[in-house]
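Reading through the structure tokens given below for one structure.
The values are calculated or read from the model by the stated rules, or taken from the named source; none is laboratory data. It should be emphasised that the depicted structure is a prediction, and the values quoted were computed from it without experimental measurement. Note that each Cβ is placed from the backbone with ideal geometry, even for glycine, and that neighbours are counted across all protein chains shown. Heavy atoms of the whole protein, side chains included, go into the accessibility calculation; ligands, DNA and RNA do not. Shrake-Rupley method; radii C 1.70, N 1.55, O 1.52, S 1.80 Å.
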Amino acid sequence: IHRHLKARGFEDMPVKGMALQLSNISLNGDLGKKLDILDITEAISKKDFDNWSIPISVSFDIENDIGYQFRNIFESLQKTKKMPWYTGYYHNKPISSLTIIFDNDSKVASLYNAATLPEWRKNGYATEMVMHCLHIIAQKGYDWVVFQANPKSAGVLEKLGLKTYANYQVYFKE
């Protein structure tokens, strides 16, 4: 399959399927708060979505206004409260983003769209965003959190206690 997809112009990226049982870590203590983290689930302005999409667009090298596409998804999910979206601001500048998806049936939450602007990396902002979301997930009574980690994010997640349960390739076409 790999050769077939590559021959048709697809790119591939290694991904780690990671998970953490929340009872296995301590969520007590100081988060070392550096960011103001806004839950845009409660906000509906275009600016909030655009700010959320800035770290995603830059980190994943996505062109055009993805804020519009995400707004459409958000509007369809807004009433369910199963998919909160977070933006981390440092001195009023949006530098980090993260999304949680809650599965009420399994009590498993997933972290998606984790991104920090390149010039702000290696300062603990991604860790703060993930820990903030882990607190929210635990407060809602969820047992597990899962994450599909690219090579850039796997190290941060391993330091927080997530374990790799699967390695696989994701294929995409630009």
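The table below gives the values:
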{"quantity": "Within segment 120-151, tally of residues that are loosely packed, with under 15 Cβ neighbours inside 10 Å and assigned to a helix (DSSP H, G or I)", "calculated": "3"}
{"quantity": "Segment 10-42, subset of a type in the set (Gly, Ala, Ser) and open to solvent by 20 Å² or more (accessible area, probe 1.4 Å), residue modelled with the highest pLDDT", "calculated": "Ser23"}
{"quantity": "Complete set of residues in segment 127-170 that are among the hydroxyl-bearing types (Ser, Thr, Tyr) and modelled with pLDDT under 85", "calculated": "Ser153"}
{"quantity": "Leading residue by the ranking (farthest from the chain's Cα centre (by Cα)) among those in segment 43-58 that are modelled with pLDDT under 75 and open to solvent by less than 30 Å² (accessible area, probe 1.4 Å)", "calculated": "Ala43"}
{"quantity": "Inter-residue pairs, beta-carbon under 6 Å, first of a type outside the set (D, E, K, R) and in segment 87-113, second open to solvent by 70 Å² or more (accessible area, probe 1.4 Å) and not in a loop (DSSP other than H, G, I, E, B), 6+ apart", "calculated": "Tyr89/Asp36; Thr99/Tyr112; Val108/Trp144"}
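So that you can scan it fast, the table gives a plain yes or no per residue for (1) in contact with a helix residue (DSSP H, G or I) (Cβ under 9 Å, 6 or more places away or on another chain); (2) open to solvent by 40 Å² or more (accessible area, probe 1.4 Å); (3) under 25 Å from Met13 (Cα atoms):
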| position | (1), (2), (3) |
| --- | --- |
| Leu98 | yes, no, yes |
| Asp105 | no, yes, no |
| Leu111 | yes, no, yes |
| Ala114 | yes, no, yes |
| Pro118 | yes, yes, yes |
